[in-house]
1. I want the local charge near residue 28. Using Cβ-Cβ distances under 12 Å, sum +1 for each Lys or Arg and -1 for each Asp or Glu among the other residues.
2. Stretch residue 171-residue 196 to full length: gain in nm at 0.36 nm per residue minus the Cα-Cα span?
3. Can you put 191, 163 in order of Cβ neighbours within 10 angstrom, beginning with the fewest?
4. All other residues with a Cβ under 14 Å from the Cβ of residue 83 taken together, and with Lys, Arg as +1 and Asp, Glu as -1, what is their net charge?
5. Whose amide H sits under 5 Å from the amide H of residue 183, counting only residues 5 or more places off or on another chain, with H placed in the peptide plane?
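A short reminder: the numbers here are calculations on the coordinates, not readings from a lab. The shown structure was predicted, so the numbers you read here are calculated from the model rather than taken from an experiment. Heads up, the Cβs are rebuilt from the backbone with ideal geometry, glycines too, and the neighbour counts pull from every protein chain shown.
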Amino acid sequence: MKKIMLFVALLSLTSLAWAGSAREDSTDRLQNAGKVLSEIMGAPDKGIPEEVLDHAKCVAVVPHMIKGGFVFGAEHGRGVATCRTADGWSAPAFFSITGGSWGLQIGVEGVDLVMIIQSDTGMQHLITSNFQLGGDASAAAGPVGRHASADTDWKLNVEMLTYSRAKGAFAGLTLNGAKISRDDDSMHAIYGGHVSTRAALTGRAPIPAAARPFLSAVRAAKAQAKSDR
């Protein structure tokens, strides 16, 4: 009986430690995602154009994905996303990204990934948290600068625009074959009970305090783009 009680106590302590670690990791990711957006928009000539942000249905960021080599294979990364609602930007939803190949600089190890979802269909893909870029959802390298060139088709028939930042260089990114799925551990760590990705991204879930810096950065990015016109 004593052994059983000791086992239960140890299991409880382990669960509490895991929950604390997962919550800390998820909070750090929110803060880092906000920092990535702030730093990118701090250099407007090399940032996300105002027109792209104006059309954005959702913004997703994967801060500091690690990989190296001549052709990047996005083995595994974890990110956070928010979508527009009638009241502003939604509570964040957490996701993971696995697989895919990207053309990036030789030997780069630390990469920040930004995805701008441009259509309702793209938003629905994000809500399902189970789709493949370039397969289920069309994706293209996004334009960079103060404004998107009028003679490009960046907003035509493309659900998502993708960007990368590596070693300070920010550019549109061609990322095909990557699979997006729900990050159950982080969703549970931040929201506690069962909150679906749909509830979070459609504005039906309350915004947790830990998400406020990230959402502030999203709002500031759009304001920054307009101020640089």
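1. That works out to +2.
2. Separation in residues times 0.36 nm, less the Cα-Cα distance, equals 5.8 nm.
3. Least to most surrounded, the residues fall as 191, 163.
4. Overall, the nearby charge balance is +3.
5. Close amide H contacts, sequence-distant or interchain: 94, 95, 96.
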